[in-house]
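Here's the structure, in structure tokens; my notes come after.
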Amino acid sequence: MNEYYDSNNNGKSFDVRWSVKKDISGMLDVERKSSDNPWTEDIFHQYLTERTSIMMVAHSEKEYNEVLGFMVYELCKGKINLVNLAVDPNFRREGIGSIMIHKLKSKLSENRRKEIFFNIRESNRGGQLFLKNQEFKAIGIYGKYYEDTGEDAYHMSYKIDENDAIQNRISKYFLRH
């Protein structure tokens, strides 16, 4: 595991790891604090059991079970679909979301998946600005995308540059041989 420190140098440290079933209650807590339209426990369980879905949590180094943030993504042909990303409001602006996005970007390679997609509510200005700072671009709008509110979604994308691709372990191996 990699230990990360917050960007404000407050001495707090956190780690990002794959989630397990017992993390769902902490993820639900973060989701409820972060969203006006939170996921249900059933939705988390569904993604936890999906073969192509991955859930990761950021947790305190001191408290392994204290969920500070999470991300849920799906591995698709040629791309990664980021389904949900949230950080506890009490721990925002400490680098947690940025580290999770960096981990996701490290999964991209020229040989396999080259792009990350994320649909975000039109009203989620903070999330849009965060993604823009992470080099995501709005490439489209889905009208009335969210069934619960009828709200539109911005279709955001991060694509690796062919000349500056982040190489994963497998592609590094092939480049050497």
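The values are calculated or read from the model by the stated rules, or taken from the named source; none is laboratory data. As the structure is a prediction and not an experimental result, all values here were calculated from the model. Cβ placement follows ideal geometry from the backbone for every residue including glycine, while neighbour counts extend to all protein chains displayed.
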**Asked** Among the residues of the stretch 22-29, is any modelled with pLDDT under 95, of a type in the set (S, T, N, Q) and either outside any loop (DSSP other than H, G, I, E, B) or under 25 Å from Gly126 (Cβ atoms) (or both)?
**Response** no
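For the stretch 99-122, what are the residues that are of a type in the set (S, T, N, Q) and at pLDDT 95 or above?
Within the stretch 99-122, the subset of a type in the set (S, T, N, Q) is 106, 109, 111, 119.
Asn119, the sole residue that qualifies.
One line per residue, one yes/no per condition, for (1) within 28 Å of Asp15 (Cβ to Cβ); (2) surrounded by fewer than 13 Cβ atoms within 10 Å (Cβ to Cβ); (3) not aliphatic (A, V, I, L, M):
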residue	(1), (2), (3)
Met71	yes, no, no
Ile80	yes, no, no
His102	yes, no, yes
Ile116	yes, no, no
Lys132	yes, yes, yes
Tyr145	no, no, yes
Tyr158	yes, no, yes
Asp161	no, yes, yes
**Asked** Do any residues in the stretch 27-38 that are more than 17 Å from Ile96 (Cα to Cα) and in contact (Cβ under 8 Å) with a residue 40 or more places away in the chain have Cβ atoms under 6 Å from those of residues that are outside any helix (DSSP H, G or I) and acidic (Asp, Glu), where the two are at least six apart or on different chains, and which pairs are they?
**Response** Asn37/Asp148
**Prompt:** If only one of Tyr73, Tyr158, Tyr154, Tyr145 is assigned to a loop (DSSP other than H, G, I, E, B), of a type in the set (Phe, Trp, Tyr) and touching a residue at least 24 places away in the same chain (Cβ under 8 Å), which one is it?
**Reply:** Tyr145
**Asked** Arg92 fails exactly one of the following numbered conditions: (1) buried (at least 16 other Cβ atoms within 10 Å of the Cβ); (2) touching a residue at least 12 places away in the same chain (Cβ under 8 Å). What is the number of that condition?
**Response** (2)
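Going by what's in this entry, would Leu68 be described as touching a residue at least 40 places away in the same chain (Cβ under 8 Å), in a strand (DSSP E or B) and touching a helix residue (DSSP H, G or I) at 6+ places or on another chain (Cβ under 8 Å)?
On the way: touching a residue at least 40 places away in the same chain (Cβ under 8 Å): yes; in a strand (DSSP E or B): yes; touching a helix residue (DSSP H, G or I) at 6+ places or on another chain (Cβ under 8 Å): yes.
Yes; evaluated as a whole, the condition is true for this residue.
Starting from residues that are basic (Lys, Arg) and modelled with pLDDT of 95 or more, keep the ones in the stretch 129-158 and report whichever is farthest from the chain's Cα centre (by Cα). Give the derivation first.
Keep residues of the stretch 129-158 that are basic (Lys, Arg), which gives 132, 137, 144.
The next check asks that each one be modelled with pLDDT of 95 or more; those that pass are 132, 137.
Numbers: Lys132: 14, Lys137: 15 Å.
Residue satisfying both the conditions and the ranking: Lys137.
Only one residue in Phe70, Phe91 is under 14 Å from Ser34 (Cβ atoms) and at pLDDT below 95, so which one is that? I'd like the intermediate steps shown before the answer.
Working: Phe70 fails: at pLDDT below 95.
Testing whether each residue is under 14 Å from Ser34 (Cβ atoms) and at pLDDT below 95 leaves just Phe91.
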**Asked** Which one of these does Phe117 not meet: (1) in contact with a Lys or Arg (Cβ under 9 Å, 6 or more places away or on another chain); (2) farther than 21 Å from Asp152 by Cβ?
**Response** (2)
